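The values are calculated or read from the model by the stated rules, or taken from the named source; none is laboratory data. Note that this is a predicted model, so its numbers are computed, not measured. Every residue, glycine among them, receives a Cβ derived from its backbone with ideal geometry; neighbour counts consider all protein chains shown. Protein only, heavy atoms only, side chains kept; ligands, DNA and RNA dropped before computing areas. Shrake-Rupley method; radii C 1.70, N 1.55, O 1.52, S 1.80 Å.
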Amino acid sequence: MTPDTVIQRLEREEETARAEMTALQERLVALEERLAALSVTRRMLTELFDAPPGADETSSAEAPGSEKEPSPSKKHSESGKAKQAGPHKTQGTPRGAVSQKIVTLIVSADRPLRAREVTIALGRSAPSRSQVEAIRRTCRKLAAAGHLQVLGTGEFTGTEGAA
């Protein structure tokens, strides 16, 4: 075998390996999105099935976005390294469709999520830094409003009252 033939063969192998790696990365992103969607669905179904009788009537009577003081049982005490940013009370539901999706996604997740993970779960497969920062800002605002908690590690989680 000549050196040129060996080099050409190695280049073909590299191209094949890169193509397989790209396909696996795309599959990973798709699986992460699917996992996030399944987690949200599981969470919502669990809440629906665990709701006391007549709870549907009360929630349908309230206007979406109506400002309501949470019951004392919904408030929580902070534990571990989780800290609530801003006021301790939740003011109704978050405004805007993206904010509502973010809260639903984070609250229903099995673990705290980083801003990049939230961005990917919202459908941005290869998010830019500015997209991740925009989601991080939104998460911090939602934490300040009492909808989320910010962990010292830069991760976001739901409030205990929302869990």
Given the conditions (1) touching a helix residue (DSSP H, G or I) at 6+ places or on another chain (Cβ under 6 Å); (2) within 16 Å of T119 (Cα to Cα), report the number of the one that R43 does not fulfil.
(2)
Restricting the search to region 104-119, which residues are open to solvent by 20 Å² or more (accessible area, probe 1.4 Å) and β-branched (V, I, T)?
T104, V107
Number of positions in region 120-134 that are under 17 Å from R27 (Cα atoms) and either assigned to a helix (DSSP H, G or I) or open to solvent by 20 Å² or more (accessible area, probe 1.4 Å) (or both):
7
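Quick check on this structure: which one of G86, G161, G154, G80 is in contact with a helix residue (DSSP H, G or I) (Cβ under 8 Å, 6 or more places away or on another chain), surrounded by fewer than 15 Cβ atoms within 10 Å (Cβ to Cβ), of a type in the set (G, A, S) and modelled with pLDDT under 85?
G86
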If you take the residues of region 127-137 that are in contact with a helix residue (DSSP H, G or I) (Cβ under 6 Å, 6 or more places away or on another chain) and not aliphatic (A, V, I, L, M), which of them is nearest to E47 (Cα to Cα)?
R136
